[in-house]
Amino acid sequence: MEKKRKKLVILGSTGSIGLNTCEVVRSLRGDFEIVGLAARSSVELILRQIEEFHPRMVALADEESADGLKRKAPPTTEVLRGMDGLKTVAGLEEADLVVCSVVGAAGLVPVIEAIQRGKNIALANKEVLVTAGEIVTRLASEKGCDIIPIDSEHSAVHQCLRGENVNNVRRLILTASGGPFFADSDRDLSNVTPAEALQHPRWNMGNKVTIDSATLTNKALEVIEAQWLFGIDLDKIEIVIHPESIIHSLVEFVDGAIMAQMNEPDMRIPIQYALTYPERMPREVPHFDFLKNNRLTFRQADTERFPCLRLGRQAAAIGGTMPTVLNAANEIAVEKFLKGEVRFTDIPLWIEAAMANHNPIPNPTIEDILAADARERKEKYL
Ligand code: MG
């Protein structure tokens, strides 16, 4: 009997994770079929993906770009525009798995739509769980949908927890590379330029997540993400700096046993894991070289120098709409930093001011979350 091909939708197909997902699909050709694609505004790039993968439906969030694409796309691919378009692609009838690698809180509405329609989610967008973790995970369990993380740390934890009872977890330990400035503790962070902050030592990623890695906000968001994904209390989630980025995270169990997941840093491995779950498929990677990687080191995270770590935990502990505000304020501050409008060290100050200014709504609805997010984007603190 012929094996049924898994049908995929990729939201955010032209970003770093999206391109890597396409590469994984290419390498597993025959087992996967792309039925829908969505991106923000990259017309030429998505056009090449349409020519290669022949999806039935494509959406661009930017409406003008969508109109441009419509004029160039083959008639066999329907082109939709705006957030409604993204929602429609996310809920495509025939899709088995929706990969969400849209950057920022913009991923929330399409992910909810996909879950409403019973789709399994391969989630690269951590902001979805940071802003609406409770709602999204509850809805997924009601609808019987799997949320399989693509974020390397969470993929590691997911793998360490397979077959385990989550009540037997003593600690989750998320590893962090520390970003480009951790090693040089004498470096004055107030004069860091965007170009310097974009030089990540171990991973090649999109701009937003690379800056988040440099401020360690990324790790703060990942703690919140882990809390919801695995249903683990905040105080059981720890961070350790591991500059080599070989161990992607660890789980310590009540009997003292520790499981770690390791491989050379390569996003295609967690992407493939999420696509093929619950199966595994062969992938052509060189054997791990233990002799070359013979020193794995660990250091404590410095919350004085990287205050976003502390702010993330505070926001998570307060809960309600506070993590949404932390996330939105961070997105805005990062954008301003990349444009040269604020300093690197202003990013945590911006977030802290936003949190001080916000009256969190407990047990928020999606509407409360979207409103808090939208409101935050209009604020100016520095
Ligand atoms: Mg990560």
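Within region 121-144, if we keep just the residues that are closer than 23 Å to ASP373 by Cβ and part of a loop (DSSP other than H, G, I, E, B), the residue that is nearest to the ligand (Cβ to nearest atom) turns out to be ALA124.
Screening THR88 against (1) surrounded by 20 or more Cβ atoms within 10 Å (Cβ to Cβ); (2) of a type in the set (Val, Ile, Thr); (3) within 22 Å of the chain's Cα centre (by Cα) leaves a single unmet condition, (1). Mind listing just one residue for me: the one in region 230-256 that is among the small types (Gly, Ala, Ser) and away from the ligand (no atom under 14 Å from the Cβ) and, of those, farthest from ALA316 (Cα to Cα)? Across region 230-256, the extreme among qualifying residues is GLY256. Among the residues of region 67-85, the one identified as part of a helix (DSSP H, G or I), surrounded by fewer than 20 Cβ atoms within 10 Å (Cβ to Cβ) and of a type in the set (A, V, I, L, M) is MET83. Taking the listed residues VAL58, VAL99, VAL109, the one that is within 23 Å of LYS208 (Cα to Cα), touching a Gly at 6+ places or on another chain (Cβ under 8 Å) and not acidic (Asp, Glu) is VAL99, with no other qualifying. Going by the structure shown, is THR365 more than 20 Å from GLY319 (Cβ to Cβ) and among the polar types (S, T, N, Q)? Criteria not met by THR365.
I'd like to check something: does region 87-103 contain any residue that is part of a helix (DSSP H, G or I) and farther than 26 Å from PRO323 by Cβ? Spell out how you get there, then give the answer.
Restricting attention to region 87-103, the residues satisfying the condition of being part of a helix (DSSP H, G or I) are 87-90.
If we keep only those that are farther than 26 Å from PRO323 by Cβ too, we end up with 88-89.
Yes - at least one qualifying residue is present in region 87-103.
Going by what's in this entry, would PRO180 be described as at pLDDT below 95 and touching a Gly at 6+ places or on another chain (Cβ under 9 Å)?
On the way: at pLDDT below 95: yes; touching a Gly at 6+ places or on another chain (Cβ under 9 Å): no.
No, not satisfied.
Within region 138-154, residues that are free of Cβ contacts under 8 Å to residues at least 40 places away in the same chain have Cβ atoms under 6 Å from residues that are more than 16 Å from the ligand (Cβ to nearest atom) and not in a loop (DSSP other than H, G, I, E, B) in these pairs: LEU139/ILE115; ALA140/ILE115; LYS143/ILE115; CYS145/ILE115; CYS145/ASN120, counting only partners at least 6 apart in sequence or on another chain. Scanning region 21-66 for residues that are surrounded by 21 or more Cβ atoms within 10 Å (Cβ to Cβ), in a helix (DSSP H, G or I) and touching a residue at least 60 places away in the same chain (Cβ under 8 Å) turns up THR21, VAL24, VAL25.
Condition check ((1) of a type in the set (A, V, I, L, M); (2) in a helix (DSSP H, G or I); (3) touching a residue at least 40 places away in the same chain (Cβ under 8 Å)) across all residues:
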{"residue": "LEU275", "(1), (2), (3)": "yes, yes, yes"}
{"residue": "MET281", "(1), (2), (3)": "yes, no, yes"}
{"residue": "HIS287", "(1), (2), (3)": "no, no, no"}
{"residue": "ARG305", "(1), (2), (3)": "no, no, yes"}
{"residue": "ALA316", "(1), (2), (3)": "yes, yes, yes"}
{"residue": "GLY320", "(1), (2), (3)": "no, no, yes"}
{"residue": "PRO323", "(1), (2), (3)": "no, yes, yes"}
{"residue": "ALA329", "(1), (2), (3)": "yes, yes, yes"}
{"residue": "ILE351", "(1), (2), (3)": "yes, yes, yes"}
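Taking the condition within 30 Å of GLU196 (Cβ to Cβ), in the same structural domain as VAL209 (by TED's automatic domain parsing) and in a loop (DSSP other than H, G, I, E, B), does GLU335 pass? In short, no.
Going by the conditions given, is LEU86 more than 16 Å from the ligand (Cβ to nearest atom), touching a residue at least 40 places away in the same chain (Cβ under 8 Å) and touching a strand residue (DSSP E or B) at 6+ places or on another chain (Cβ under 7 Å)? In short, yes.
Could you check region 338-349 and list, in sequence order, the residues that are part of a helix (DSSP H, G or I) and over 22 Å from the mean Cα position of the chain (by Cα)? Please lay out each step first, then the result.
Here is the first cut: in region 338-349, the ones part of a helix (DSSP H, G or I) are 338, 346-349.
Within region 338-349, ASP346, LEU349 qualify.
The values are calculated or read from the model by the stated rules, or taken from the named source; none is laboratory data. This one's a predicted model, so the numbers in the text were calculated from it and none came from an experiment. Quick reminder, even Gly has a Cβ in these numbers, built from the backbone with ideal geometry, and neighbours come from all protein chains shown.
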